[in-house]
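Beneath this line is the structure, given in structure tokens, with notes to follow.
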Amino acid sequence: MYSFNKTQGPRALWKGMGSTFIVQGVTLGAEGIISEFTPLPREVSHKWNPKLIGEHLLLKCLTYVVAMPFYSASLIETVQSEIIRDNTGILECIKEGIGRAIGLGVPHSKRLLPLLSLIFPTVLHGALHYIISSIIQKIVLLLLKRKTCDGHLAESTSPMQSMLDAYFPELIANFAASLCSDVILYPLETVLHRLHVQGTRTIIDNTDLGYEVLPINTQYEGMRDCINTIKQEEGVLGFYKGFGAVIIQYTLHAAILQITKVIYSTLLQNSI
């Protein structure tokens, strides 16, 4: 990060940020449209109903398929080196996504995997991430709320304390769910990223040095071949390249949550 900031400026650390918001918007829009024209539910009730859960997961999977070309375009924009890339507009992600879906636009090499080959790993990663994060979130939220109820069972709570007890457990639960799902699925995410970027003639930054660029010359035939190749050539640690950035990200996230709790606790004490 220091090398990037020194050689390319702080803007390089935020490249592709606009396209990630576009992908989120496309995902939410696609989910809303599909649920509007199909009986697939966007929300699942607390009652255990395997049929509703299956339909809800099917909706999620269809949404991931629709958003996949734009996710691929956003990923390329995020990892593409600022040194050789021209300044692109914020809607370039939509243009590239549509071009990838219909097979038009910037020419790619023969190593480019077709979108049909990317559907399974993309949907698998998205569905597992959603399932794991949902389960972890509900478990952590249940434990925190039970602990909060036991701690304040015989106490009268102020409005500030009620607000802290109502919202902070949800923040912690979301944090724990996101952390666990990202850590568990990081190897699969590594495979997914390599498959999406292959054959797009993308030039990436050398993250070890910060001032060189590297071409992507992989020739994976699919998800299974990618996993076997990484295991043979790079070992198990090859699946965890860049994992340190995830640790830094969630460390900062935890620090922000802790600071927020301290501020609320201070305000609560001052109001008593």
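Mind checking which lysines have their Cα closer than 25 Å to the Cα of residue 51? Skip sequence neighbours fewer than 8 apart in that chain. Output for residue 51: 60, 138. Size descriptors for the stretch 203-272 (Cα atoms only): Rg and Dmax, in that order, 21.1, 65 Å. Taking all protein chains together and rolling a 1.4 Å probe, residue 92 ends up with roughly 50 Å² accessible. Just checking the listed ones, 193, 253, 125: in the Gaussian network model of the chain with Cα springs under 10 Å, the one fluctuating most is 253. Among complete DSSP H helices in the chain, those whose alpha-carbon atoms stretch at least 24 Å along the helix's long axis and whose mean Kyte-Doolittle hydropathy reaches -1.0 are 17-37, 50-79, 115-151, 159-184, 243-271.
With distances taken between every two different alpha-carbon atoms, the chain has a Kirkwood hydrodynamic radius of 21.4 Å.
The calculated P(r) of the stretch 1-98, using every Cα pair and 10 Å bins from 0, goes 15, 34, 24, 16, 9, 1 in percent. Using a Gaussian network model of the chain with C-alpha springs under 10 Å, which one of 233, 221, 212 is most mobile by mean-square fluctuation? Highest fluctuation among the options: 233. Taking trypsin sites (Lys or Arg not before Pro) as exposed when their DSSP state is a loop state and no more than 16 other Cβ atoms lie within 10 Å, the longest site-free interval of the chain runs over 112-200.
Can you tell me, using C-alpha contacts under 8 Å and at least 6 residues apart, the relative contact order of the chain as a whole percent?
Values: 259 pairs, mean separation 54.1, N = 272.
Relative contact order of the chain: 20 percent.
Find, among the GluC sites (Glu not before Pro) in the stretch 22-64, those assigned to loop by DSSP (not H, G, I, E, B) with at most 16 other beta-carbon atoms within 10 angstrom.
Sites meeting the loop and neighbour criteria: 43.
The values are calculated or read from the model by the stated rules, or taken from the named source; none is laboratory data. Model, not experiment: these values are computed from the prediction. With ideal geometry, Cβ positions are generated from the backbone for all residues, glycine too; neighbour counts draw on all protein chains shown. SASA here: full protein model, heavy atoms, side chains in, ligands and nucleic acids out. Shrake-Rupley method; radii C 1.70, N 1.55, O 1.52, S 1.80 Å.
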